[in-house]
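To start, the structure itself, in structure tokens.
Taken together, the values in this text are just the output of simple stated rules run on the coordinates, not laboratory data. Since we're looking at a predicted model, the values are computed, not measured. A quick note on method: Cβ atoms are made from the backbone with ideal geometry, for glycine too, and the neighbour counts reach across all protein chains shown.
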Amino acid sequence: MRAATELPHSDLYGGFHVVTRHADLRTAAAQHRIYSSAQGIALPNESRTRHVPAEVDPPLQREFRRLLDPFLTPERISANEAKVRAIASSLLDSLAGESRVEMVARFTEPFPVSAALAIFGFPPPDARRLSGLVDGLIHGRGSEASIKASQELTDYLIEQLKMRAASADPSTDVLAAVAHGSVEGRPLSIEDQVSITRLLLFGGFTTVNLALSQTLLLFAKYPELAEGLRSQPELFPTALEEFVRYASPATYLRRTVVAEAELGGSKLRAGDQVLLCFGAANRDPSVFDKPDEINLARNPNPHVGFGFGAHRCLGSAIAKLELRVALEEILRRYERVELDPDDSIAWGEGETQGLTRLPLVLRPRASA
Ligand code: HEM
């Protein structure tokens with residue numbers, strides 16, 4: 001598709017153009033006056049309340065980001081490292097003595113859920129209940145149980161936001177800032193407050209899970225990568241970007257054309273849908289040397305795994321903290337991880353895609 005002279009087109013879901021080249025994707029992601037997110041970014045379109053700020057266009061979207069960004073800088077997020085490490089440690093401790101483990105269910109999926117609840121300051125006793133609700137939502141999409149879980153989660157978040165509105169100082173944490181926040185001179189509606197809070201929580205659940213499981217699969221297939229990081233931990237900053245480029249957990253998202261334009265050799269009209277394929281752009285050989293290989297020291301690495309332009313990921317500092325801590329703890333405990341020869345891996349599909357099963361054989365380090 002990247003080599004085609006026009007954007008490939010599908011007739012599915014009302015018809016959409018497929019953007020796979022790195023340059024075309026960056027052009028579209030940067031031009032929100034032509035490529036709008038306000039009509040939803042999922043494909044197929046989902047009938048639900050809009051996700052804020054992901055489905056709001058600038059300039060309004062920038063007001064939401066001005067409220068949220070200061071709480072999610074690498075400096076502020078790094079203050080959570082000890083909490084996040086304790087969560088990774090306790091999950092890995094629970095695997096002690098087991099050598100064959102399905103890592104998605106036992107580690108890569110639950111870890112970002114607990115880590116996010118801790119980072120966003122939800123009361124620890126509520127974490128178990130919330131994890132249960134989230135589990136129902138992730139696994140039962142569209143089912144009656146998941147609709148019930150979704151309503152229960154909304155009620156819980158409203159209660160938390162109201163408590164923060166009544167007491168907390170808006171400068172202390174992001175949920176207090178949301179509860180006290182206003183855009184365009186008006187206090188945020190409770191619907192927008194809930195939508196933001198849900199996205200802050202959910203934005204990192206599946207994506208971090210997928211980046212982490214794919215990296216563990218790489219460690220199993222190419223033990224020299226794990227060895228390289230263990231012996232040169234100073235490579236972590238470039239390696240984490242490379243793992244996100246390679247895994248591209250946010251595989252694709254939609255935009256709707258709102259003004260005539262030309263992209264990738266195709267003429268686009270208002271109303272056309274385009275699919276931004278972050279995963280394909282991240283393997284574009286005109287930008288990345290040996291794109292299908294991992295280079296722990298790749299630099300520059302202009303990947304679009306966290307998006308590009310106004311909507312670039314709000315939680316990338318959280319994602320990188322969680323990934324680094326989880327990988328450090330795994331490298332500290334295990335000499336090697338191997339694919340379980342008696343079991344098989346499984347892949348999912350959709351806008352966030354990656355491993356759904358990763359059965360590994362864990363070889364502990366003598367010192368650990
Ligand atoms: C490896 C993990 C992650 C990946 C690959 C990822 C990827 C992305 C991408 C590609 C976008 C751009 C969406 C667009 O252009 O429409 C985005 C936006 C966003 N992400 Fe992440 N994300 C990750 C982790 C997180 C985490 C941990 C959070 C939690 C705060 C988060 C919250 C958000 C939010 C709120 C947005 C919307 C920003 C806006 O529209 O202004 N993400 N993410």
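Tabulate in residue order the Karplus-calculated ³J(HN,Hα) for the stretch 159-172, using 6.51 cos²θ - 1.76 cosθ + 1.60 with θ = phi - 60°, rounded to whole Hz; enter x for Gly and Pro.
Here the 3J(HN,Hα) series is 4, 4, 5, 5, 5, 5, 5, 6, 10, 5, 7, x, 8, 7 Hz.
Taking the Cα centre of the stretch 9-364 as origin and charging only Cβ (+1 Lys, Arg; -1 Asp, Glu), how large is the dipole, in debye to the nearest 20?
500
About the Cα centre of the stretch 233-368, what is the dipole size in debye to 20, counting +1 per Lys and Arg Cβ and -1 per Asp and Glu Cβ, all else neutral? Kindly include the intermediate steps, with their values, before the conclusion.
Details: 17 positive and 20 negative charges, 63 e Å.
For the stretch 233-368, the charge dipole is close to 300 debye.
Which of the lysines could a cross-linker span from Lys221 if the Cα-Cα distance has to be under 23 Å and same-chain partners fewer than 8 positions apart are dropped?
Lys221 reaches Lys290, Lys320.
Under the definition of Cα pairs under 8 Å and six or more residues apart, what whole-number percent is the relative contact order of the chain?
Working: 565 pairs, mean separation 99.9, N = 368.
Reported relative contact order: 27 percent.
Can you list the HN-Hα couplings for the stretch 142-154, worked out from phi with the Karplus curve (6.51, -1.76, 1.60; θ = phi - 60°), rounded to whole Hz and with x for Gly and Pro?
Computed from phi, the couplings for the stretch 142-154 are x, 6, 5, 4, 6, 5, 5, 4, 5, 5, 5, 5, 4 Hz.
Using a simple spin-label model with points 7 Å from Cα along the Cα→Cβ vector, what separation in nm is obtained for Asp169 and Ser94?
3.6
Among Phe236, Leu43, Gly279, whose Cα projects farthest towards the positive end of the dipole of the chain, with charges put on the beta-carbon of Lys, Arg (+1) and Asp, Glu (-1)?
My answer, from the dipole projection, is Phe236.
Under a straight-distance cross-link criterion of Cα-Cα below 12 Å, which aspartates and glutamates are reachable from Lys83, leaving out those fewer than 8 residues away in the same chain?
Those aspartates and glutamates meeting the cut-off are Glu322.
Exactly which trypsin sites (Lys or Arg not before Pro) in the stretch 96-165 are in a DSSP loop and have at most 15 other Cβ atoms within 10 Å?
Those satisfying the criteria are Arg141.
Sorting Thr215, Thr256, Thr73, Thr20 on the 10 Å Cβ count, fewest up front, what's the list?
If I rank by nearby Cβ atoms, fewest first, I get Thr73, Thr256, Thr20, Thr215.
Would you list the P(r) distribution for the chain, with all Cα-Cα distances sorted into 20 Å bins from 0 and each bin expressed as a whole %?
Bin by bin from 0 Å, the calculated values are 28, 58, 14, 0.
Sum -39500 (n - 2.57) across every DSSP H segment of at least 4 residues in the chain, then divide by the residue count to get the 222 nm mean residue ellipticity, nearest 500. It would help to have the intermediate numbers written out before the result.
On the way: 14 runs with 165 residues, N = 368.
After summing the helix terms and dividing by the residues of the chain, the value is -14000 deg cm²/dmol.
Going through the stretch 249-319, which trypsin sites (Lys or Arg not before Pro) have at most 10 other Cβ atoms within 10 Å and a DSSP loop state?
Passing sites in the stretch 249-319 are Arg269.
Order these by the 10 Å Cβ neighbour count, fewest first: Glu242, Glu46.
Going from least to most buried by this count: Glu46, Glu242.
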